1. I'd like the distance separating the alpha-carbon centroids of the range 220-247 and the range 1-64, in whole Å.
2. If you plug each phi of the range 426-438 into the Karplus form 6.51 cos²θ - 1.76 cosθ + 1.60 with θ = phi - 60°, what whole-Hz ³J(HN,Hα) values come out, in order, with x for Gly and Pro?
3. For the range 332-528, go through all pairs of different Cα atoms, get the mean of 1/r, take its inverse, and jot down that Kirkwood value in Å.
4. With +1 on each Lys and Arg Cβ and -1 on each Asp and Glu Cβ, and nothing else charged, work out how big the dipole of the range 249-343 is about its Cα centre, in Debye to the nearest 20.
5. Counting just the Cα atoms, what span does the range 229-280 cover along each of its three principal axes? Round to the nearest Å and put the largest first.
6. What part of the accessible area of the range 2-324, given as a whole %, is carbon or sulfur when the probe is 1.4 angstrom?
7. Given charges of +1 on the Cβ of Lys and Arg and -1 on the Cβ of Asp and Glu, with all other atoms neutral, how large is the dipole of the range 2-324 about its Cα centre, in debye to the nearest 20?
8. Hey, which aspartates and glutamates would be in cross-link range of LYS219, C-alpha to C-alpha under 17 Å, not counting anything within fewer than 8 residues on its own chain?
Amino acid sequence: QARDDALRTGYHFQPPKHWINDPNGVMYHKGVYHLFYQYNPKGAVWGNIVWAHAVSTNLVDWTMLPPAIYPTAPFDVNGCWSGSATVLPDGTPAIMYTGIDGQNRQVQNVAYPKDLSDPFLRDWVKPDYNPVIAPGPGVNASAFRDPTTAWRGPDGDWRLVVGTKDNHLGLAVLYKSKDFKTWTPSPQPLHSGDTGMWECPDFFPVTSRGVDGSGVLRKHVLKVSLDLTRFEYYTLGEYDHAAEKYVPDASLADGNDGLRYDYGDFYASKTFLDVSGTRRRVLWGWANESDSTADDVRKGWAGVQAVPRKLWLARDGRQLVQWPVAEIESLRGGHVNVTRRVVRPGAHFEVAGLASPAQADVEASFRVRDLGRAEPWDPAWDKADAQTVCAARGADAKGGVGPFGLWVLASDDLEEKTAVFFRVFKRGDNGKHVVLMCNDPSTSSKEDGIYKPTFAGFVDVDIANNGGKIALRTLIDHSVVESFGARGRTCILSRVYPTKAIGDKARLYVFNNGESDVMVNHLNAYDMRSANITGSMERST
Ligand code: DQQ
C-alpha cells in the first residue's frame, strides 16, 4: 500500500481513486478552466463511464467536483463517452458527447449548464430532443463517437466532426447545424484514412506564433486516435472551405508513419483554445497505466492526465511543437544547477541535492563534442520506425554519439533506472545526421508483470548546424516520466513502477554511453511541489 501510494502523482492530474481515461470537454470559461474526463465511479478498471469534472484557475491546482454528465436518459443509459465543449458566441458553453443508448448504439447528445451563474458549472441539463446526431443508414452504430469542438464556417453555420469507420477506413464525418440542435451530415467526410477506427478526432487551426499571429504560417491540424494500435497521429494541411474537405500536406502520411504528439503513452487527447491571456492552444492527453489490471485493482486507481501542453506550429511548418504550460513552473521549489560539465565516454554522474528527484522538473542542454563519431545509419532501418531502432539499441548499448541523457527514478545501486536519451547516427548517402530520442524503461522496475515498452521518436533537427547542441526537459512524477526533446519537437511520456527508486530514495543521473564526450552546457533541476487538490467528487444529496 505504501508503495502504491508512493507511485501516485504529485502534479499530474489524477483523482483520489478509480479508473480514468480520455480528457473531455476541456475549456476555459469566465476565468475557470474545466477538465472533464472519462471515469469509472465504481472501480479501477474501465466501465460505468461518466464524465468526472474538475476546475482550476491556473491549470495546476484543481477542485474536484461530482461527475457532471452521467447516464440519466434513454439516449445515454449505457454510458457517457467522450466529447467536447464549444463556447457559443453568447458565452454559453455547450457540451457534445457520445451517449450509449438502450440499443447500445452510439449517439451524440448535447448538454447545457443548468445555472450559468454557477462559476463552476456543476450541473448540466440534457434537453429532451437528444440525441441530436444518431447513426444514419449505413453507419456503424457501434463505431460512431467522440464529437469534436464545433467551429463556424464562412456561412456562419456550425460544423463538427464525429469519428467512425467503414470496415478498415477511418472517417471524420462532418455535420452542420444552424442552431446546435438540428445537425445534417455532409455528403462526404472531412477526411478519411485507411487506418481503422478514428477515435477522438480533433480539428483546429494553428499558426507558427501561437494562435493569432499575423504574417506567420497558418495550417490546420487533424489528429485522430487509432483504437487498433492505441496511438495517435496528426497531419498538417489546408482546410478547403468550399469543398468542405481537409487536405493534408503532400509530404505527410495518414497512419502509422504519421507525426505524433507524443511517441509514448498518450492517447485520446484533446485541445482547447485558451482565451485567458495571450491566446494559446492547450493540449490534454491521457496516459494509461502499464502495470497489470490486477495491479490497478490492488492500487485502487488507474490512469493520469499528461501535463497540459501549449501547442503551436514549428517555424519550418513541418510539425507541431509542444511545451508544458508555463503555470507548471509555479510548482518549482529547490533548485540544483550544473554548468559546463563534461561527461566522458562510459561515464555518469549524479545530480545530487534535490529533496526528491521522484517529483522533479529537469531542463538540460547538451553539446556533443565530436559528431564525427556518430555511428553509421543502417539503410535497413530506412523503413523502420524510431521505436524499432531504439529497441535494438537500448540505453546500455554503447554507441558513437550517444546514447547520452538522463537516468531518472534511479536507485542508488542503479539496479532500477529509466533512461531518457539521444542517439545520433550519420547517413552514408547524404552525410546527414539522424537524431533519435528514446525512453528505455527496461530496467525501471524489479517487479514482475510490468509492461516496459521502449518508446522513441526521430527528432527533426539539424544537429551539425546547431553546433552539436540538443536540449531535453523531463518532468518526473513518481510513475510518470514525461520528456520534451529539442524544445518540444519530440515528446515521450512513459509510465514506470520502481520498487526501490521511490520517494526520497529516487535519484537522478546524467550518463553517456557513447564514444564522444558530451558537455552538459546547463542543467537545471527543480523539486516540484504537489499540486493543490481540493473539493469532493461525491454528490451531496
Ligand atoms: N474512450 C471513450 C470513447 C473513445 C475511447 C470511452 C478512446 O468515447 O473512443 O471511454 O479512449
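The values are calculated or read from the model by the stated rules, or taken from the named source; none is laboratory data. No experiment lies behind these values; they were computed from the predicted model shown. For neighbour counting, all protein chains shown are included, and Cβ atoms are generated from backbone atoms with ideal geometry for every residue, glycine included. To get the accessible areas, we keep the full protein, side chains included, count just its heavy atoms, and leave off ligands, DNA and RNA. Shrake-Rupley method; radii C 1.70, N 1.55, O 1.52, S 1.80 Å.
1. 27
2. 10, 7, x, 6, 10, x, 7, 8, 10, 10, 10, 10, 10
3. Working: mean 1/r = 0.0608 Å⁻¹.
Its Kirkwood hydrodynamic radius stands at 16.4 Å.
4. Working: 14 positive and 13 negative charges, 119 e Å.
For this selection, approximately 560 debye.
5. On the principal axes, the range 229-280 reaches 36, 35, 16 Å in Cα extent.
6. Details: 6030 of 11780 Å².
Here carbon and sulfur together make up 51 percent of the probe-accessible area.
7. Values: 33 positive and 36 negative charges, 115 e Å.
Rounded to the nearest 20 debye, it is 560 debye.
8. Filter leaves ASP202, GLU238, ASP240, GLU244, ASP249, ASP254, ASP316.
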